[in-house]
Amino acid sequence: MAITRRSWLNKSCILIIVVASVERFAYKGVAANLVSYLTDVLHESTSVAAKNINTWYGVTSMLPLVGALLADSYGDRYSTILASSLLYILGLASLSSWALLWTWFPKRKRSSSPLFLSLYLTSIGQGGYNPCLQAFGADQLEEEEDVLPRDSTEENTSTRSLFFQQWYFGICSGSLLGVIILSYVQDTFGWGIGFAIPAAAMMLSALCFSCGSPCYKRKQSKTEKPTGSMIDTIRAIGRKMMGRSLPLTANDEHLAELELQEKAPMVDNGRIGVLQTNTCKGIISGEDARIVLRLLPIWATCLMFAVVFQQPTTFFIKQGITMKRNIGRSFEIPPATLQSVITISIILLMPLYDPLLIPLIKRITGSEQGINTLQRICIGMFLSIMAMVIAAILENKRLQMQTFDNGTRVDIVHMSIFWLVPQYILLGISDVFTVVGMQEFFYSQVPSRMRTIGIALYTSVFGFGSFLSAILISMIELGTRMRGQRNWFSDDLSEARLDLYFWLLSLLSTLSMVLFISMSKYYSHKYALANNNCK
């Protein structure tokens, strides 16, 4: 029986999307312009500021793995959201307080440690807040009996797909307001008030979420929590790799019975990471770790996409500082504001995805389903590569236009900042395809008891990608220093070679996309084989 998509979401889903959009307003209000704060106020070099931001963002994106595991194992999503929001608010409040007090401290006693402590406290809060909120929102669509992971054909026609698109539309709207409003406030009225507004917004977000408590569906899993069984499975995988047998324990048999009651789908044998029972009617809960391992090849090939998406918050901003930013005689565009172009592109394109893009793709491919989530991710990867190619060409042109007046270098080149818009637009369009595709893919490809972990797998792509970006910058700096070449990330952008860095990212992203296509074919084949074996 075909599954048709509803054109509406229930009230609890809508409220959670609104809450998420306010949270994104607060987060983007801090993150979008942080590189300017580190370089202009704390006087860090461009490369050090970029690495600090990438590391912070990496930790922020990785902690949801821990928060999701704890929520799915020892608590529930609703309680985790409330507890995490308190830590989140505390971190933002301490950040704004520190920024207000910074100018009162003597220069010799100033330290950036309180800043990073506050930032990482917000990271801990987000670690439990973000994956649980999104999974909790998707739970509001579930029937009393958990739906099973579906194949890609069913995913494209499910109400859950509508939720993920509306969710992303909501958080992009909040991000847009955060980038535009708070970047201007920070550059014009100061960083103290610029950080205080996000703290107040997060308080409002937590209050709105609490007010909706009576209408939420708070489902409690009827199965064993996955943490212990995942540890057992990791041990079992090690034993198998050493050539030992894998007998089922009494606890494993009990968990298998529980899983049969949950009517979880059966997949193929150890080649795709799940042990098979004789009746092929269920999976052993102790194989949760294998389910995650089966997703790792796809996860790994998405990392370069995350590296590319670090550029708008770091080097793209530094590019914009050196370009003409005037509108009229007195108003200057804050460079960080151009990140709003990404969000505007997403907001404009998202409503057109189903009614316009999907029918067009169906005509091109001749498929009734259009594209599945893996194909959607791949399209976004290609567009991100094109964005980096354009960024490299534009940066090379900017360097050529660097002029000198009587032997003195001109800080601002005669090139409008609006030349950066095309690369931002392409990243926004790629975001619609890849990010939404990753959210739906990682959520739908795990059992219902692991849905929060599935969301955390998606966010961890950007966490590891941020760490990879910081490592790549350090390696390039070391390599150029050893060869006596000029630093690609020099604070003086007339001496920097960001164009070469963007070309390198384009090349590495292309290789990553090729691997992704290969892994996607392998994954689809194995997943289909598993379903066929259990029919």
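The values are calculated or read from the model by the stated rules, or taken from the named source; none is laboratory data. Keep in mind that this is a model prediction, so the values were computed, not measured. Using ideal geometry, Cβ is built from the backbone for each residue, glycine included, and neighbour counts are taken over all protein chains shown. We work out accessible area using only protein heavy atoms, side chains counted, and drop any ligands, DNA or RNA first. Shrake-Rupley method; radii C 1.70, N 1.55, O 1.52, S 1.80 Å.
Report the label-to-label distance for S490 and E332 in nanometres (one decimal), using points 7 Å from each Cα along the Cα→Cβ vector.
For the pair S490/E332, the computed spacing is 2.2 nm.
Please give the net charge around T480, taking every other residue with its beta carbon less than 9 angstrom from that of T480, where Lys and Arg add +1 and Asp and Glu add -1.
Overall, the nearby charge balance is +3.
For C378, what charge total do you get from the other residues with a beta carbon under 15 Å from its beta carbon, if Lys and Arg give +1 and Asp and Glu give -1?
0
For segment 326-385, which trypsin sites (Lys or Arg not before Pro) are both in a DSSP coil and crowded by at most 10 other Cβ atoms within 10 Å?
Details: sites: R329, K362, R363, R376; in loops: R329.
When the trypsin sites (Lys or Arg not before Pro) of segment 326-385 are filtered for loop state and at most 10 Cβ neighbours within 10 Å, R329 remain.
Return the FRET efficiency for the residue pair D40, L86: r is the Cβ-Cβ distance, R0 is 30 Å, and the value is rounded to the nearest 0.05.
So, using R0 = 30 Å, E works out to roughly 0.45.
Grab the other residues whose beta carbon is less than 13 angstrom from that of G212, score K and R as +1, D and E as -1, and report the net. Intermediate values should be presented prior to the final figure.
Working: positive: K11, K217, R218; negative: none.
It works out to a net charge of +3.
Multiply the residue separation of R363 and I412 by 0.36 nm, subtract the distance between their alpha-carbon atoms, and state the gained length in nm to one decimal. Each step should come with its number before you reach the end.
Working: separation 49, 0.36 × 49 = 17.64 nm, distance 4.77 nm.
Contour length minus Cα-Cα distance gives 12.9 nm.
Take C211 and V48, extend 7 Å from each Cα along the Cα→Cβ direction, and tell me the distance between the two endpoints in nm.
4.5
Taking only protein heavy atoms and a 1.4 Å probe, what accessible area per residue, in Å², does segment 291-394 have with all protein chains in place? All intermediate terms of the calculation are to be shown ahead of the outcome.
On the way: 4090 Å² over 104 residues.
Heavy-atom accessible area per residue stands at 39 Å².
Ignoring ligands, DNA and RNA, what accessible area per residue does segment 19-141 give at 1.4 Å, in Å²? Show your work: numbers first, answer last.
Numbers: 4370 Å² over 123 residues.
For segment 19-141, the solvent-accessible area averages 36 Å² per residue.
Once the piece of chain linking L101 and Y522 is laid out straight, how much longer is it, given 0.36 nm per residue of separation minus the C-alpha distance between them?
Full extension from L101 to Y522 adds 146.0 nm.
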